[in-house]
Amino acid sequence: MMTHEIPPPTDQLTAFSLSNDEEASSSTTLSRPDSGAELTDQKIQSHRWVRTGTTEQGKETFSITVVNGGSSSSANLQVMFDDSSVPNLSELAAVTIDDVDGCLKIPLHGKGTKYKIQLSVEKVTDDEETPPPSDQLAAVSSRHVPVKSILCRPDGGAGLAGQKVRIFGWVRTGRLQGKGTFAFLEVNDGSCPAFLQVIVDASLSTDLSKLIAKGTCVVVDGCLKLPPQGTKQKIELKVEEVVAVGTVDQATYPFPKNKPSLEHLRKYLHLRARTNSIASVARIRSALAFATHSFFQSQSFLYVNTPIITTSDCEGAGEMFQVTTLISSTEKLERDLLQNPPPTEADVEAARLVVKERGEAVATLKAAKAASEQEITASLAELANAKLSLARTVERSRLKPGLPKKDGGVDYSQDFFGRQAFLSVSGQLQLESYACALGSVYTFGPTFRAENSHTSRHLAEFWMVEPELALADLEEDMDCAEEYVRYMCKWLLDNCYDDLEVMAKNVDEGCIERLKLVASTPFVRVTYTDAIELLKKAVAQRQKFENYVEWGIDLASEHERYLTEVVFQKPVIVYNYPKGIKAFYMRVNDDGKTVAAMDVLVPKVGELIGGSQREERYGVLMSRLEEMGLPVEPYEWYLDLRRHGTVKHSGFGLGFERMVLFATGMDNIRDVIPFPRYPGRADL
Ligand code: 4AD
Ligand code: MG
């Protein structure tokens, strides 16, 4: 039998530190079978975060959590500092250090040393000392430079004066100056909210007036120069060549001037990304997606793609869009039958008669001794043709207009998948099957709900982030949800401040403060029963709600927003809901009345997250399906997860557009997804 020999760990480290190609990072050091022991005397570079510190025999030792440019290891590398490498040893425990260069050493095996390798520091680069921005602009493949890399530097681009660049973008405002001898254009290329001021001399263009129209696309080569003192720009571009121009048909351009309303923009989904607010929303949305992957990957969750077409109704609510080819194939058939009417009974009889005659002809030939081999073969071929024609006639005579029927209903065995299929309302059930094999996992994909909601919080197609936490109970589920939301808020404050400022200026002045609040305050946790009591108390104090408040109701959006915006004024997690209003898969609590469900409610939006601990007990799950009148057959595979190797697990779903709403302060969910789908609308 073949055995697979595991090669010894290589003693060469693969470098992936962005800042220095020759050196390896410390997360590759520790994630080896030998925990790095064989790497002694190699030079490495380590990044980020002093975690804990202790003093040892006149030397300071610190353990460092290592994070390398987004990819991370939770292992700690022990790092030895002494006064020659670090001047202020005592301050190190509290601060972040950017880079540590050093040499790997086998630790002296004193009492309690658990490390196989440690890093003896030779040099520390302090975070404070950020190097000055490079004066080299990175041109992208088509040789143009993103406006962001000019304007979003600490010096606003001033240090780049004198450099030649190609930029492109769309004119946001343009004006002729010097009696039409030159034009000032404010150009935006979508890489950041800022505009680059571009100056074009009349000698470079056949018609300057065409360039200044809002929406015109320009590709220009030029030289960056410092503007005259007293102007707000730090740098501007003096054009040397107009490379290309995409003019605007001003008679039909839908947003020529002024600030178009968001409703007006919704009629032009294909053009609205050229406006400031929608462009900022798009960049914030992209950053939130990146933050999502960064958060779950850094916690070692596995990214799983769950199906979009499914045969299971996850929420059991029947709000699914059906996926079928039966309708189009029926329509095609009906058109075909109109053009070529199906054969009648008489046609079938005639075809049968032909077969009979040809059969008899063959028999006669075979009986006649004089018939040649050739004659018999030809006659047999005619018989075969007649049989084929009969089969086709019979088949076509059975064709009927309308959907195929069976047992009084539609015959889905004739549909594309041989059974009824739908667009997924949630990837949770399939995700659970991976969580019950691979540990904690997450999915991030589109989901579809055919609910006829016309609210500013509902879409028919929306994106959901769904983690499934192995071995976690409801409390750990809530911890994860809280940490994740906080992480995204911090991420935006760290990475998208300029876009947040656009939102604060144009849409909701409180949006930055709200993000800061959420990033820094623990969420309130309250049981459903207590939440109902709080709402009843509010009603007693003359608070008006459209929906009646009593134990057992599904909280309406007005209740959720009252709890988070008025009562607590911060995010709230409501948990332990009545089982009657929640899905079949949620774990039944010991009281028999409630389930281990939780919803995260945030100001401005209401419900942002819905999650639960899953029912892992086969018997209880089975009775929940029955109790809720759901058919067992489609869930047999899901029950298998409980029949074989069942285990405690929990998860949640975050409505991605609701998160974008919350972060941007937009009022309508239709403005935070590029191409919104809702009842009556699916443009483009
Ligand atoms: O609360 P929901 O229905 O939970 C689930 O689907 C679970 N299977 C998730 C899980 O445990 N893995 O939906 C989750 C979130 C809601 O909290 C809400 O933010 C969002 O999805 N959501 C919608 N967003 C936009 N439009 C709609 N029609 C939405 N329905 C739900
Ligand atoms: Mg929900």
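Quick note: the coordinates plus some simple rules give every number you see, no bench work behind them. Since this is a predicted model, take the numbers as computed values, not measurements. No Cβ is skipped: glycine too gets one built from the backbone with ideal geometry, and neighbour counts run over all protein chains shown.
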Q. Which lysines have a Cα lying under 27 Å from the Cα of Lys232, excluding residues fewer than 8 positions away in the same chain?
A. Lys148, Lys164, Lys179, Lys210, Lys214, Lys257, Lys259, Lys505
Q. How high is the FRET efficiency from Asp473 to Ala437, r the C-beta distance, R0 35 Å, rounded to 0.05?
A. 0.95
**Q.** Linear extension gain, Gln414 paired with Asn258, 0.36 nm per residue minus alpha-carbon span
**A.** 50.6 nm
Q. Using the count of nearby Cβ atoms within 10 Å as a rough guide to exposure, how do Glu349, Glu315, Glu558, Glu633 rank from fewest to most?
A. Glu633, Glu349, Glu558, Glu315
Q: For Lys536, list the lysines whose Cα falls under 21 Å from its own Cα; do not include residues on the same chain fewer than 8 positions away.
A: Lys544, Lys570, Lys579, Lys593
Q. If one computes the Cα centroid of segment 413-431 and of segment 265-313, what distance in Å separates the two points?
A. 23
Q: Give, as a single signed number, the net charge of other residues whose beta carbon lies under 13 Å from the beta carbon of Arg172, with Lys and Arg counted +1 and Asp and Glu -1.
A: +3
Q) ³J(HN,Hα) across segment 470-477 via Karplus (A = 6.51, B = -1.76, C = 1.60, θ = phi - 60°), whole Hz, x for Gly/Pro? A) 5, 6, 9, 9, 4, 5, 5, 4
Q | Convex hull per residue volume in Å³, alpha carbons only, for segment 323-414 | A | 138
Q: Please give the contour-minus-distance gain from Arg617 to Ile376: 0.36 nm per residue of separation, less the Cα-Cα distance, rounded to one decimal in nm.
A: 79.5 nm
(Q) Can you sort Lys505, Lys257, Lys116 from fewest to most other Cβ atoms within 10 Å of each residue's own Cβ? (A) Lys257, Lys505, Lys116
Q: Beyond 20 Å between alpha-carbons counts as too far, so tell me which of Lys356/Lys400; Lys537/Lys604; Lys123/Lys490; Lys356/Lys387 fall in that bin.
A: Lys356/Lys400; Lys537/Lys604; Lys123/Lys490
Q) Which distance in nm do the two modelled labels at Thr247 and Asn452 give, with both placed 7 Å along the Cα-to-Cβ direction? A) 5.0
Q: Could you list which residues have their amide H under 5 Å from that of Phe182, counting only those 5 or more apart in sequence or on another chain, with H placed in the peptide plane?
A: Gln177, Ala202
